[in-house]
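Enquirer: Sending over a structure as structure tokens; questions will come in a sec.
The values are calculated or read from the model by the stated rules, or taken from the named source; none is laboratory data. Fair warning: this is a prediction, and the values are worked out from it, not measured in the lab. Glycine also receives a Cβ, built like all others from the backbone with ideal geometry; neighbour counts cover every protein chain displayed. To get the accessible areas, we keep the full protein, side chains included, count just its heavy atoms, and leave off ligands, DNA and RNA. Shrake-Rupley method; radii C 1.70, N 1.55, O 1.52, S 1.80 Å.
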Amino acid sequence: MNLRFDRFLGDEEYETRYETELLPYMLARRTDSMFSGCDGNPLHLTVYPAEEPMVGSVIILHGFTESAEKYTELAYYFVKNGLRVYAYDQRGHGTSYRAVKKLTYTHADRFEDYVDDLAILASRVRAENPTLPCYLYSHSMGGGVSAMYLERTDAQVHIDRAVLSSPMIELSTDGVPFPMAKVICRTLRFFGLDKKRVFVCRDYPGHEEFASSSSDFEPRFETYQKLKRAEPHLQNHCPTYGWLLEAVLVTKKLLAEGKPEGIRTPILLFSAEHDRSVHNPAQKTFAERTPDCTFCFVPGTRHEIYHAAEKTVFPYFEKILTFFLDGET
């Protein structure tokens, strides 16, 4: 296909074009509001209207300790190609509702709350644009949330195609066996300590705490780091024991008998070769069991594929847009 706008930001021009072209354009278009999550708590939503003619909508679902602000570049390409973008901060992230007061902590009472929140927004997006397709792009933890949602029957009504980028089908626990992690987290939850940070995470909001790069291209990575340094609500990095327990339970739920097999939404799944945050074999298993899932292995890159250098990220962006707009993989 011929994309309407395929002049992606190249390596040498990235910083200049981002500041002088992309950011002013997106800031002028965006609207911000709050919507009620599954338990009535407020979640922050950013909407970017599409350039006309509008051809569809896309929901962007960020990863663990991220926010919607991290996906401005990707949203820019969607908007330029006629897609209205809905990007929201998941609970415990950004300026959305938090169950813990400490801004550097990330907690979850139930992983299903993330899924139910997504279902609410997907229903709204479909209602606002009933005659146009609705797409879903998600990364890492957001990919795990999206995969669980796609296993539900209501997703087949609301989502026409979905991209899972480095999805958290199985979390990496840095060598700690899953059974041991479960026992530790369940014990701490029993004693009411599930909102405490995991012991391997330091307890202060220094820049060193959230600057470990999962990206291959420093300028793209640094763009979001500037925002994090300036905004405390973007500086969460420590998982709580409650979040960790919910995260390690995701794999069994996602890969339960008949679950992936029941998905009817076409999926494009990207798997990064040098991913240290999630496990690639589980992604492959999920893809093989899903009726309409294209598995795309990305060699030589790390977890945040969308922040890679142009040799990797240009084909990645183009493949996503082609999949959404033409249905081709």
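Enquirer: May I ask you to list the lysines whose Cα is less than 18 Å away from that of LYS319, ignoring any residue fewer than eight positions away on the same chain?
Expert: LYS80, LYS311
Enquirer: Under 15 Å from the Cβ of HIS158, count the other residues' Cβ atoms, weight Lys and Arg +1, Asp and Glu -1, and hand me the total.
Expert: Numbers: positive: ARG84, ARG124, ARG126, ARG152, ARG161, ARG264; negative: ASP116, ASP117, GLU128, GLU151, ASP154, ASP160.
Result for the local shell: 0.
Enquirer: Between the range 271-303 and the range 1-35, how far is it from one alpha carbon centroid to the other, in angstrom?
Expert: If we compute the Cα centre of each part, the gap is 28 Å.
Enquirer: So, one more: Given the options VAL176, VAL248, VAL58, state which has the largest fluctuation in a GNM of the chain using a 10 Å cut-off (strictly under) for Cα springs.
Expert: VAL176
Enquirer: Also: Taking θ as phi - 60°, what are the ³J(HN,Hα) couplings along the range 141-151 by the Karplus curve (6.51, -1.76, 1.60), each to the nearest whole Hz, with x for Gly and Pro?
Expert: Once θ is set to phi - 60°, the couplings for the range 141-151 become 4, x, x, x, 4, 4, 4, 5, 5, 5, 7 Hz.
Enquirer: Right, another one. Each residue of the range 254-266 in turn: what ³J(HN,Hα) in whole Hz from Karplus with 6.51, -1.76, 1.60 and θ = phi - 60°, glycine and Pro shown as x?
Expert: Result, ordered by residue: 5, 9, 4, 3, x, 5, x, 5, x, 6, 10, 7, x Hz.
Enquirer: Can you work out the Karplus-derived ³J(HN,Hα) for every residue in the range 107-124? Use 6.51 cos²θ - 1.76 cosθ + 1.60 with θ = phi - 60°, whole Hz, and x for glycine or proline.
Expert: The phi angles translate into 10, 9, 6, 9, 5, 4, 4, 4, 5, 5, 4, 4, 4, 5, 5, 4, 5, 5 Hz.
Enquirer: Same structure again: Can you pull the accessible area of ARG220 for me, 1.4 Å probe, Å² to the nearest 10?
Expert: 0
Enquirer: Sequence neighbours fewer than 8 away in the same chain don't count; with that in mind, list the aspartates and glutamates whose C-alpha is under 15 Å from LYS101.
Expert: Here the aspartates and glutamates satisfying the reach criterion relative to LYS101 are ASP109, ASP194, ASP203.
Enquirer: Looking at the square roots a ≥ b ≥ c of the eigenvalues of the Cα gyration tensor of the range 119-255, which shape do they give, rounded for a/c under 1.5, prolate if a/b is larger than b/c, or oblate?
Expert: Details: a/c = 2.08, a/b = 1.28, b/c = 1.62.
Note, shape of the range 119-255 comes out oblate.
Enquirer: Moving on. Any chance you could check the Cα centroid distance between the range 71-89 and the range 54-68 for me, in angstrom?
Expert: 7
Enquirer: Follow-up question, since we're still on this one. Lysines near LYS182 by alpha-carbon distance under 18 Å, same-chain residues fewer than 8 away left out - which ones?
Expert: Reachable lysines: LYS195, LYS196, LYS252, LYS253.
Enquirer: For the chain, which cysteines have no disulfide-compatible partner, meaning no other cysteine Cβ under 4.7 Å?
Expert: Those would be CYS38, CYS134, CYS185, CYS293, CYS296, since no other cysteine Cβ in the chain comes under 4.7 Å of theirs.
Enquirer: What is the sum of charges, Lys and Arg at +1 and Asp and Glu at -1, for the other residues whose Cβ falls under 12 Å from the Cβ of GLY242? Walk me through the intermediate numbers first.
Expert: On the way: positive: ARG110, ARG186, ARG189, LYS195, LYS196, ARG197; negative: ASP109, ASP113, ASP194, GLU246.
My count for the surroundings of GLY242 gives +2.
Enquirer: Net charge near VAL278: determine it from the other residues with C-beta under 13 Å of the C-beta of VAL278, scoring Lys and Arg +1 and Asp and Glu -1.
Expert: Details: positive: ARG276, LYS284, ARG302; negative: GLU170, ASP174, GLU273, ASP275, GLU304.
Summing Lys/Arg as +1 and Asp/Glu as -1 gives -2.
Enquirer: Probe 1.4 Å, all protein chains in place: accessible area of LYS319 in Å², nearest 10?
Expert: Accessible area of LYS319: about 60 Å².
Enquirer: Ignoring everything except DSSP H segments at least 4 long, calculate the 222 nm mean residue ellipticity for the chain; use -39,500 (n - 2.57) per segment, divide by total residues, nearest 500. Could you put the intermediate results ahead of the total?
Expert: On the way: 13 runs with 124 residues, N = 329.
One gets -11000 deg cm²/dmol as the mean residue ellipticity at 222 nm.
Enquirer: For LEU3, put the label point 7 Å out on the Cα→Cβ axis and report which residues of the range 300-329 keep their amide N under 13 Å from it.
Expert: 306, 310-326
Enquirer: Students sometimes get this wrong: rank TYR77, TYR105 by accessible area, probe 1.4 Å, all chains present, largest first.
Expert: Details: TYR77 0, TYR105 25 Å².
The ordering from most to least exposed comes out as TYR105, TYR77.
Enquirer: Can you list the residues, at least 5 places off or on another chain, whose amide H is less than 5 Å from the amide H of VAL278, using H built in the peptide plane?
Expert: Residues meeting the criterion, in which the H sits 1.01 Å from N, are SER172.
Enquirer: Let me ask you something else. Take the solvent-accessible surface of the protein heavy atoms, probe 1.4 Å, and return the percent of it on the range 1-136 that carbon and sulfur atoms account for. Walk me through the intermediate numbers first.
Expert: Working: 2590 of 5120 Å².
Heavy-atom surface of the range 1-136 belonging to carbon and sulfur, 1.4 Å probe: 51 percent.
Enquirer: Continuing with the same structure: Could you state the number of Å between the C-alpha centres of the range 155-195 and the range 224-262?
Expert: 6
Enquirer: Where a ≥ b ≥ c are the square roots of the eigenvalues of the C-alpha gyration tensor, would you call the range 189-329 rounded, which needs a/c under 1.5, or, failing that, prolate if a/b is larger than b/c, or oblate?
Expert: On the way: a/c = 2.45, a/b = 1.21, b/c = 2.03.
Oblate shape, in that a/c is at least 1.5 and b/c is the bigger or equal ratio.
Enquirer: Give the percent of DSSP beta bridges with both residues in the chain that are antiparallel, rounded to the nearest 5.
Expert: DSSP beta bridges in the chain are roughly 30 percent antiparallel.
Enquirer: May I ask you to give the solvent-accessible area per residue for the chain, in square angstrom, as obtained with a 1.4 angstrom probe? Don't jump to the answer; show the numbers that get you there.
Expert: Details: 13450 Å² over 329 residues.
Ligands and nucleic acids excluded, the result is 41 Å² per residue.
Enquirer: For a quick check, take a GNM of the chain with Cα springs below 10 Å and name the residue from PHE317, PHE270, PHE178 with the largest mean-square fluctuation.
Expert: PHE178
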